[in-house]
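The values are calculated or read from the model by the stated rules, or taken from the named source; none is laboratory data. Since the model is a prediction, treat every value here as computed from it, not as a measurement. Quick reminder, even Gly has a Cβ in these numbers, built from the backbone with ideal geometry, and neighbours come from all protein chains shown. Please note that ligands, DNA and RNA were not included when accessible areas were found on the heavy atoms of the full protein model with its side chains. Shrake-Rupley method; radii C 1.70, N 1.55, O 1.52, S 1.80 Å.
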Amino acid sequence: GSCRNIAMEIKQSIYKKTGLTCSIGVAPIKFLAKIASDMNKPDGLTIIQPEQVKAVIHSLPIRKVPGVGKQTMKVLAGLGIETLGQVSDLSEETLVRKVGKFGHRLFLLSQGDDEAAVVPQQAAKSVSTETTLSEDTTDRHQLAACLLQQAQSVAHQLRRKKMRARTVTLILKTSAFQRHTRSLTLNSAFQNSDTIYQTALKLLRQYALHKPVRLVGVGASGLQSEKRPVQMELFSDEQHTHENKWEKVDQAVDALSDRFGADTVVRGSSTGLDRRK
């Protein structure tokens with residue numbers, strides 16, 4: 001079918017499965033399709049026809065071009081550049097000299113040339129979970145209880161994906177809607193909930209709670225396959241033994257949850273949490 005029919009079918013399928021609307025952009029060039037998807041939110045469909053590409057590029061504000069950040073905008077403004085179309089007035093060499101290697105791509109985009117491939121499936125780079133609290137709080141005990149439950153969720157996601165992680169990230173959003181993250185990379189890859197929880201808890205203890213927190217979350221990144229060989233310790237390692245024990249506990253909980261339901265086994269200190277659904 002036509003691109004419009006395909007887009008409408010996608011929108012209808014998403015709404016039928018999730019009850020959510022979405023915005024879709026269609027264009028002959030990948031970066032323009034991305035920009036088009038932002039034009040008529042929250043339930044839009046924007047199609048840029050081939051014969052419209054030149055005009056769209058000519059009038060497209062440079063700030064809307066993917067990859068153009070504040071510093072690049074400042075440099076381009078100094079050159080009198082306000083739209084992507086004006087970029088083509090400069091030579092590629094000048095652009096590279098002024099904004100670095102991104103100048104190559106920017107020049108191509110101004111010519112309507114986007115070599116970036118469409119990749120429909122990408123390996124996960126991280127897993128995370130977040131909770132918005134029913135009331136903003138500075139109570140570290142409440143936040144810790146939340147982290148405990150979230151650590152179990154993140155560890156479960158890792159095991160489902162058959163992955164291990166190297167880095168734990170604590171996510172906090174204050175009552176002023178400021179988002180803060182703190183991360184710690186460990187010496188060895190992990191997959192168990194206790195390692196994630198203890199690391200997130202350490203990061204929380206180091207964070208100064210000057211403002212109440214309205215959202216708390218935990219993430220794990222630096223993913224690698226669980227089948228990847230692990231360097232054995234020359235001497236006995238109590239920490240490694242502890243982690244192995246927790247992995248076995250988590251795996252047993254997974255088996256029970258699969259058979260009897262997600263909340264069949266929970267930690268006592270993670271019950272009774274109050275959150276916004």
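Just so you know, in the range 1-27 the residues that are touching a helix residue (DSSP H, G or I) at 6+ places or on another chain (Cβ under 9 Å) and either of a type in the set (Lys, Arg) or farther than 19 Å from residue 120 by Cβ (or both) include one that is most open to solvent (accessible area, probe 1.4 Å), and it is 20. Apart from one condition, residue 30 fits all of (1) open to solvent by 80 Å² or more (accessible area, probe 1.4 Å); (2) farther than 28 Å from residue 110 by Cα; the exception is (2). Which condition number does residue 201 fail, the rest of (1) of a type outside the set (D, E, K, R); (2) touching a residue at least 12 places away in the same chain (Cβ under 8 Å); (3) open to solvent by 40 Å² or more (accessible area, probe 1.4 Å) being met? For residue 201, the failing item is (3). One residue stands out in the range 169-212 among those that are of a type in the set (A, V, I, L, M, F, W, C) and part of a helix (DSSP H, G or I): the one that is nearest to residue 159 (Cα to Cα), namely 196.
May I ask you to verify whether residue 182 is within 19 Å of residue 131 (Cα to Cα) and open to solvent by 50 Å² or more (accessible area, probe 1.4 Å)? The answer is yes for residue 182. Pairs are defined by a Cβ separation below 6 Å, a sequence spacing of at least 6 or placement on different chains, a first member in the range 150-163 that is of a type in the set (A, V, I, L, M, F, W, C), and a second member that is in a helix (DSSP H, G or I); the pairs so defined are 151/193; 151/196; 151/197; 154/196; 155/193; 155/196; 155/250. Residue 112 passes every criterion in (1) surrounded by fewer than 16 Cβ atoms within 10 Å (Cβ to Cβ); (2) in contact (Cβ under 8 Å) with a residue 60 or more places away in the chain apart from (1). Of all residues in the range 104-155, those satisfying the criterion of being outside any loop (DSSP other than H, G, I, E, B) and more than 26 Å from the chain's Cα centre (by Cα) are 104, 107, 108, 110, 141.
Of the residues 175, 128, 225, 188, the single one that is open to solvent by 10 Å² or more (accessible area, probe 1.4 Å), in contact with a Gly (Cβ under 6 Å, 6 or more places away or on another chain) and of a type in the set (S, T, N, Q) is 128.
Considering only residues of the range 136-146 that are in contact with a strand residue (DSSP E or B) (Cβ under 8 Å, 6 or more places away or on another chain) and not polar (S, T, N, Q), which is surrounded by the fewest Cβ atoms within 10 Å (Cβ to Cβ)? Before you say what the answer is, go through the steps one by one.
Restricting attention to the range 136-146, the residues satisfying the condition of being in contact with a strand residue (DSSP E or B) (Cβ under 8 Å, 6 or more places away or on another chain) are 136-138, 142-143, 146.
Checking the rest, the ones that are also not polar (S, T, N, Q) come to 136, 143, 146.
Working: 136: 15, 143: 22, 146: 26.
In this case the residue turns out to be 136.
Of the residues 111, 122, 150, only one is touching an Asp or Glu at 6+ places or on another chain (Cβ under 9 Å) and either among the polar types (S, T, N, Q) or on the phi > 0 side of the Ramachandran plot (or both); which?
Values: 111 fails: touching an Asp or Glu at 6+ places or on another chain (Cβ under 9 Å); 122 fails: touching an Asp or Glu at 6+ places or on another chain (Cβ under 9 Å).
Sole residue among the options that is touching an Asp or Glu at 6+ places or on another chain (Cβ under 9 Å) and either among the polar types (S, T, N, Q) or on the phi > 0 side of the Ramachandran plot (or both): 150.
With respect to (1) surrounded by fewer than 17 Cβ atoms within 10 Å (Cβ to Cβ); (2) among the basic types (Lys, Arg); (3) within 14 Å of residue 193 (Cβ to Cβ), the lone exception for residue 164 is condition (1). On the basis of being crowded, with 17+ Cβ neighbours inside 10 Å and at pLDDT 95 or above, does residue 133 make the cut? When the stated conditions are applied, residue 133 does not pass them. Would you mind telling me which numbered condition in (1) surrounded by fewer than 19 Cβ atoms within 10 Å (Cβ to Cβ); (2) more than 19 Å from residue 115 (Cα to Cα) residue 81 fails? Of everything listed in (1) surrounded by fewer than 19 Cβ atoms within 10 Å (Cβ to Cβ); (2) more than 19 Å from residue 115 (Cα to Cα), residue 81 misses just condition (1).
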